[in-house]
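Heads up, the thing below is written out as structure tokens.
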Amino acid sequence: MEKLNKFINKTKKSYKSLPDKKQYIEVFTAALTVPVLLTVIIINLNNLRSTSKPTQVTPVPVQDRQIIVNYPTASANTIVTQPPSGACKQGIGPISIDYPNENEIITDNPVQIDINYIRGDYCAVVWSYRINDGKFSGYDDKSIALYNPPQGTIRFQLKVKSIVTGEEKILTRVFMYKGAFDTSPTASSSAN
């Protein structure tokens, strides 16, 4: 028991004398921070030197070639020829809605919207559509089929957008739908 009391008293005494030894502890910790700071500075300088060296980039030769894309539309196959990049006219080329005609009565389900786009020398475009002032669909360049549209007057809007310039053009077509509601629509070949 005497040894335990002696140990406790010695620990109390050393604990009480810690404030007198504070300056030694501070010198020791300050001495340890100097190598750490030097290491951090050297690593940062090496990183700056390695990133400031210009890297040699060899340009990849661009091959001029025409890409032909075939996809079915409502009336026939359309061939869209894509000219080499940088060689196209900026803007939207001639585009129109060929079917259905204005104020035409349609009974077919689905209603195939025939978009006539002659690209020619113009840069590529994509389109989005909506019916009866609803939400616009996502942009695409595929044919459009409306499954089970609402009965009555349909206001179809086609928003055409140039991929290069971002220029937009909206085409509107109003027609009447008086067809039957199809409960089992099947996927078209363009959806597969």
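Out of the residues in the stretch 106-126 meeting the condition of being acidic (Asp, Glu) and within 14 Å of Ala145 (Cα to Cα), tell me which one is farthest from the chain's Cα centre (by Cα).
It comes out as Asp108.
I'd like the full set of residues that are of a type outside the set (A, V, I, L, M, F, W, C) and either modelled with pLDDT of 90 or more or loosely packed, with under 14 Cβ neighbours inside 10 Å (or both), limited to the stretch 115-136.
The answer is Asn116, Gly120, Asp121, Ser128, Tyr129, Arg130, Asn132, Asp133, Gly134, Lys135.
The values are calculated or read from the model by the stated rules, or taken from the named source; none is laboratory data. On a predicted model such as this, the values are computed, not experimentally measured, just so you know. Cβ atoms come from the backbone with ideal geometry, glycine included; neighbour counts cover every protein chain shown.
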